[in-house]
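Some notes on the structure that comes next.
Just so you know, all these numbers are worked out from the coordinates, no wet-lab data involved. Remember, it's a predicted structure, so these values are computed and weren't measured experimentally. For neighbour counting, all protein chains shown are included, and Cβ atoms are generated from backbone atoms with ideal geometry for every residue, glycine included.
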Amino acid sequence: MPLTGTSDRLTTAMLLLWPHACQGTRIARLGGASLGRTGLALFTDGGKYVVARMDPGMTMMDRVYKHEVHVTAAAVDANGHANNVAYIQWMQDAAIHHARATGSTAIAESIGATWVVRTHRVEYLRPVFAGETIRVLTWVANFRKVQSLRKYKLVRAGDETVVAQAETDWVFVDAKTGRPRAIPDEIRNTFSIVSKEKEP
């Protein structure tokens with residue numbers, strides 16, 4: 001859960017609890033900032049400061065997020081291996097965990113926004129079976145005005161075989177109206193873009 005409060009109280013709290021993180025950061029009228037490696041992100045919303053806490057193991061400089069999935073019997077279809085729909089669920093789970101870990105989800109919720117999928121593209125390379133562990137690697141490839149391309153690589157943990165490669169076009173929308181919204185810097189700053197040359 002994000003921490004919220006008035007600007008005066010939270011500014012004081014930030015300076016008292018994380019003085020080194022706040023050094024060199026202009027607190028007044030701050031649009032959005034990562035607080036170094038404290039695991040926090042600070043931004044403003046309607047004159048109110050919000051601190052979004054990231055996962056302990058995450059920092060803003062973590063470009064590729066790793067999410068492990070244990071394949072259950074429920075994911076297996078009549079062909080004896082994981083159904084193609086299961087891969088998409090794993091991709092979405094990895095994306096959601098990544099956004100939560102960086103504090104991006106807390107920021108989006110605080111400004112009344114969310115993400116919806118426009119398109120999925122999946123290349124299935126190898127079958128996956130019950131009992132296996134799949135490592136889902138995911139990263140943000142770009143940001144446009146209202147859209148963001150996220151990519152994935154699914155790897156079998158046992159032998160490091162790539163079982164699928166995929167990408168999703170996400171659209172940033174108003175949570176109430178569903179209309180696209182421009183992606184604010186507060187959201188963009190929670191992720192580091194991975195260029196094609198540096199993809200895992």
Review point. What tally of residues in the stretch 122-144 results from selecting those that are part of a loop (DSSP other than H, G, I, E, B), surrounded by fewer than 16 Cβ atoms within 10 Å (Cβ to Cβ), charged (D, E, K, R) and touching a strand residue (DSSP E or B) at 6+ places or on another chain (Cβ under 8 Å)?
Key: 1
Review point. Residues in the stretch 81-89: is at least one of a type in the set (A, V, I, L, M, F, W, C), touching a helix residue (DSSP H, G or I) at 6+ places or on another chain (Cβ under 6 Å) and crowded, with 18+ Cβ neighbours inside 10 Å?
Key: yes
Practice item. Could you pull out the residue among Arg150, Arg156, Arg188, Arg181 that is surrounded by fewer than 17 Cβ atoms within 10 Å (Cβ to Cβ) and not acidic (Asp, Glu)? Key: Arg188
**Study point:** Unique match (being of a type outside the set (A, V, I, L, M, F, W, C), within 19 Å of Val64 (Cβ to Cβ) and more than 12 Å from the chain's Cα centre (by Cα)) among Arg156, Arg118
**Key:** Arg156
**Study point:** Subset of the stretch 112-161 (residues that are over 18 Å from Asp93 (Cα atoms) and in contact with a Pro (Cβ under 7 Å, 6 or more places away or on another chain))
**Key:** Val146
Revision key, fill the gap. Going through the stretch 96-114 in order, the residues found to be crowded, with 22+ Cβ neighbours inside 10 Å and under 16 Å from Trp139 (Cα atoms) are His98, Ala99, Thr102, Gly103, Ser104
